[in-house]
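Here the structure comes first, spelled out in C-alpha cells, and everything after it is commentary.
The values are calculated or read from the model by the stated rules, or taken from the named source; none is laboratory data. Note that the structure is predicted; figures quoted are calculated from it, not measured. Note that we place each Cβ from the backbone using ideal geometry, even for glycine, and neighbour counts take in every protein chain shown.
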Amino acid sequence: MTIRSAVFWLHLALGVLAGAVVAVMSITGIAIAFEQEILAWCDRNVAAVELPGDGRPPLSVAELRSILKRESPGFAADHLVVEQDPRRAWQFWAGRSGPWYIDPYTGELRESRAHGVHEAIHFLEDLHRWLAIGGEGRTVGRLITGTSNLAFLLLCITGIYLWFPKRWSRRAVRYRLRLKPKARGKARDFNWHLVFGFWSLPVLVVLAGTGVVISFAWAHNLVFRMAGETPPEFRDFRMTLVPPFVVPPPSEGSERLPLEALLKSMQDGFPGWQSIRLPLADLGNTEETAPVKASVTTADYMPNRAFIPVELNPYTGEILRAIRLQDRSAGLQARIWIRFLHTGAAFGVVGKIIATLATVASLFLVYTGYALSYRRFFSKKRTALLPAERPSH
C-alpha cells in the first residue's frame, strides 16, 4: 500500500466515523455563533425607549429597583446593565436569567420576549458540546464531540494532501477549484468535495483546531506550556479570575457611594464605553476592603478586547484596576483568542459570517463524503469519471 492509499483510507474511515457528529456540531454551531444577534432581534421592540421631550435625567437606581421588586417580586436581580445608547432600556439580570428591561426615564418594566429562543439556544449549546446528554453521561458526550473535533482536524490535514493531483495539469487543478454545475452523481459529489474542501479549509482548520483545545485538557494545557506558563486550575471563565484588589481602608465615617456615582465614574473612565455592568450593592460583598466588581464593554468589534473587568473603590468611585486583554499573560491571551476564534467572533460579525460559510461548506463535505463512500461500497451502478476527475488514490 502506498502512502497516498494509506492516507486515503484513514481519511475515509475518519469521515465515516465522525461525519454525523461533525454535522451536528456544524449545524448547532451556526446558531450558537449568532446568539447575541438573535436574542437582540427578538427583544428589539421591548429594549427600545423614547427620549423624554423635557430632557429630564434617568430615575435613580434605587427607584428603578423598587419598581422591579414591586412588579416582579420573585425576580432576585443581582446586577444592572446600562447601555450607552440613551434610546435603549436598562436591564436587570439575575445571573443568566432575564433580562427585565426598564425604561430609565419612566420606570416602565418590560419582560424579555426571547425566553423561548434563549432556552432553544441553550439546548443547541448542550447538543454542540456534549450531544445534550445529561447527568453522568455528559462526560461521555463531551468525549464523543471532542474526539470528533480531533477527527475533523485530521480530516482537514489528510484532505489537503489528497486534494493535490498525482499528475499535475491545468485541467486537474481547475477541476479542484471550480464547481461543475453540469456534473451529476459521483462526478458531482467528487467535484463538490474537492471544491468546498479547498476553499473552506483554512477556516475549518481554525474551527476544528480551536475546538480541540476547548475539548481536551491536554490541548488546553499545551497552550499555556508553549507560553512557558503553568496551566490554570480551571478551563472555564474562572481561569480569567485574579485575586481582588485590596481597597485602602476608608476614613472614619465614610459611606459606600450609590450606584449612580459608580456608574458616573465608569462613564468618565471609559469614554468609548458601549455598556456597563454593575453589581447591585446590597447583594455584593460589603466588606470594607472589598472592591466593587463591575465590567465595561467598549467600542471594539473584537469581543475579546471589548470586554474589560473593572474594580472600583466603593467609597471614592476610583477605578482601582481595569484588566484589559493586553494585561493578561501570553498564555491566557492565546487561550482567550482561541475561545473567540472558535465561533468566528474574534473578528466581529464579519468573522462570524466567514465561520458560518465555512461551516455550511463542512455540511457539503459530510454529505458528499458519505455519498462517495456509499457508492464505493454499496452502489452497483458505476459512474464513469473523466481522467482529471478520478480520485487520486
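Looking for something farther than 26 Å from Ala358 by Cβ and assigned by TED's automatic domain parsing to the domain that holds Leu143 - is there at least one such residue anywhere in segment 194-217?
Yes, segment 194-217 contains a residue that is farther than 26 Å from Ala358 by Cβ and assigned by TED's automatic domain parsing to the domain that holds Leu143.
Do we find that Trp41 is over 30 Å from Trp163 (Cβ atoms), among the hydrophobic types (A, V, I, L, M, F, W, C) and surrounded by 17 or more Cβ atoms within 10 Å (Cβ to Cβ) in this structure? Steps first, please.
Values: over 30 Å from Trp163 (Cβ atoms): yes; among the hydrophobic types (A, V, I, L, M, F, W, C): yes; surrounded by 17 or more Cβ atoms within 10 Å (Cβ to Cβ): no.
Judged against the criteria, Trp41 is not a match.
Looking at Arg4, Arg44, can you tell me which residue is more than 30 Å from Trp90 (Cβ to Cβ) and of a type in the set (Lys, Arg)? Full working, then the answer.
Details: Arg44 fails: more than 30 Å from Trp90 (Cβ to Cβ).
Answer to the selection: Arg4.
Out of Val81, Val61, report the one residue that is within 14 Å of Ile276 (Cα to Cα) and in contact with a Lys or Arg (Cβ under 6 Å, 6 or more places away or on another chain).
One residue alone meets the criteria, Val81.
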